[in-house]
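The values are calculated or read from the model by the stated rules, or taken from the named source; none is laboratory data. Not measured: the values here are computed from a predicted model. Cβ placement follows ideal geometry from the backbone for every residue including glycine, while neighbour counts extend to all protein chains displayed. These area figures cover heavy atoms from the full protein model, side chains too; ligands, DNA and RNA do not enter into them. Shrake-Rupley method; radii C 1.70, N 1.55, O 1.52, S 1.80 Å.
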Amino acid sequence: MAAISPPARTESALERARRRLRESNIPPVYGILIIIFFAAILLDAIFGIDDQLFIFNQTILTNILVRSVALGIVAVGQTFVMLGAAIDLSVAYLISVTAVGASYLMAGDPNRVWWTVLVLFGVGIVVGLVNGTLVTRLKVNPLIATLGVGLILRGLLNATFENFAGSVPASFQSFAYDTIGPVPISVIVLFLVVLAGWFVLRRTRYGAHLYAVGGSEEVARLSGLHTGRVLTLAHVICSSTAVLTGLFVVSRLRAGAPWVGTDGLYDLESIAATVIGGTALSGGKGGVWGTLAGVLIFSILDTMFNQIGIDAYMKQILRGAIIILAVGFYTFRSKAEQG
C-alpha cells in the first residue's frame, strides 16, 4: 500500500513577506530608521515647540540630509576599515588638518583651490599608508596605531595654528551651500560616495578580498590573498573620505580651525553609525547602505531633539542610550539567527 505523504504546508503571507525581505538584502537597520522617523513625527506632534511638523517643512527635511553629509562621508571610509576587522581613530584629527590646511593654503584665492585639494588628498593618502603599515607590517593594534597617528596630527596642528586660519574662496563654498535643482550639491556628493563604496565592496574583486580578510585574516592569507595590501588600501580609502569630509566642513564654515574635527566627534560617531548600520566590529560583515541608515538615524534624532527643545546634555544621554539599544538589537538578532 503506497504511503500517503502529508500535504505541503502553505506559506502564510507574513512568512512570505519575511522571506522576501531577507532575500532583498535590505539591512535591518532600515526598520529601525523607519521606527525612529515615525517616533520623531509623533513626539514632534505632542511636544514640538512650533506649530508645524518637521515632516511638512522642506527646509528641515533638507537640513536632515545636509546634516548627514560630513558624518556620512567619513563613515563610509570607516566601514571599509571595520570590514577588515580594524578601526581608525585618526579621522577626526585628519578632518581638522584638512579644514585648516584648506583655508590656509587657499587664502581666499580661487586659483589655489585645485592644487590645494590635490595636496590635501596626498596628505590623506600618506596618513592612510602610515596607518595601514603600522597595523599590517608592525602589527600594532589598530586602535593604538590610529590613535597615535591622530595625536601626532593634533600636536603638529596645535603647534602651528591656534585659531581660525585663512579662508576659502566663495566659489569653493558652493560645495556646502549650492544646489542642483532642489537637491544640495553636498547631498549628491554623499550619495555618490555611498554608491561608489557599495560598488567597490559588492562588485569588485577588492571588495570580496576585504570581506575575506575581515572574516578570517589567516584563512585569507592561506588562500593566497595579500592581506596586508587589502587592509592598507582600506585605511587609505578611510583617510581619503576624512579629507573629503574636511573639505565639506571648511566649505561650510568658510575657514578651518584646529578643533573642528574633534569637536564634531567624527571618529567616535563614524564608528557608532557604522556599527548601528550592521557592520560587525569583528569584521567581515556589513556594508555602506547600512552605514548610511545609521547616519540618517543620528540626523533624525538631532532634528527631533531640536524640535522638542531637549538641551544639549540630554541629547548626548539619549543618543548614547539609543546606540546601546540598537547594538543590543543586532546582538540579539544575530544570536537568534545562529541558534
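Scanning segment 268-294 for residues that are assigned to a helix (DSSP H, G or I), of a type outside the set (A, V, I, L, M, F, W, C) and open to solvent by 10 Å² or more (accessible area, probe 1.4 Å) yields a total of 1. Counted as qualifying within segment 168-234 are the helices (runs of 4 or more DSSP H) with 2 or more residues that are of a type in the set (D, E, K, R), namely 185-203, 217-222.
Any residue at all in segment 104-116 that's farther than 30 Å from Ala40 by Cα and open to solvent by less than 10 Å² (accessible area, probe 1.4 Å)? Yes, some residue in segment 104-116 is farther than 30 Å from Ala40 by Cα and open to solvent by less than 10 Å² (accessible area, probe 1.4 Å).
Residues that are open to solvent by 20 Å² or more (accessible area, probe 1.4 Å) and either in contact with a strand residue (DSSP E or B) (Cβ under 8 Å, 6 or more places away or on another chain) or among the small types (Gly, Ala, Ser) (or both) within segment 295-325 comprise Gly309, Ala312, Gly320, Ala321, listed in sequence order. Kindly indicate whether any position in segment 166-188 is touching a residue at least 40 places away in the same chain (Cβ under 8 Å) and under 30 Å from Leu231 (Cα atoms). Checking segment 166-188: at least one residue is touching a residue at least 40 places away in the same chain (Cβ under 8 Å) and under 30 Å from Leu231 (Cα atoms). Here is a check on your reading of the model: is Leu138 of a type outside the set (Phe, Trp, Tyr), closer than 30 Å to Thr279 by Cα and surrounded by fewer than 21 Cβ atoms within 10 Å (Cβ to Cβ)? The answer is yes for Leu138.
If you go through segment 222-248 and keep only what is surrounded by 15 or more Cβ atoms within 10 Å (Cβ to Cβ) and either free of Cβ contacts under 8 Å to residues at least 24 places away in the same chain or polar (S, T, N, Q) (or both), you end up with Leu225, Thr227, Thr232, Ser239, Ser240, Thr241, Thr245. Screening the candidates Thr146, Thr133 for the property of being assigned to a helix (DSSP H, G or I), open to solvent by less than 10 Å² (accessible area, probe 1.4 Å) and among the hydroxyl-bearing types (Ser, Thr, Tyr) yields one hit, Thr146.
Filtered by the rule that a residue be closer than 30 Å to Arg221 by Cβ and open to solvent by less than 10 Å² (accessible area, probe 1.4 Å), segment 60-85 gives Val74, Ala75, Val76, Gly77, Gln78, Thr79, Phe80, Val81, Met82, Leu83, Gly84. Checking the structure you have, find out if any residue of segment 159-170 is open to solvent by less than 70 Å² (accessible area, probe 1.4 Å), modelled with pLDDT under 95 and touching a Lys or Arg at 6+ places or on another chain (Cβ under 9 Å). Yes: one or more hits. Within segment 171-185, being within 13 Å of Arg252 (Cβ to Cβ) and open to solvent by 40 Å² or more (accessible area, probe 1.4 Å) holds for Tyr177, Asp178, Ile185. In the set (1) surrounded by 18 or more Cβ atoms within 10 Å (Cβ to Cβ); (2) closer than 15 Å to Ala273 by Cα, Thr98 fails one condition alone, (2). Taking Ser68, is it closer than 17 Å to Ser299 by Cα, polar (S, T, N, Q) and at pLDDT 90 or above? Spelling it out, Ser68 is indeed closer than 17 Å to Ser299 by Cα, polar (S, T, N, Q) and at pLDDT 90 or above. Within segment 117-130, track down each residue that is surrounded by 14 or more Cβ atoms within 10 Å (Cβ to Cβ) and under 21 Å from Gly228 (Cα atoms). Listed by number, the residues that qualify are Val123, Gly124, Ile125, Val127, Gly128, Leu129, Val130.
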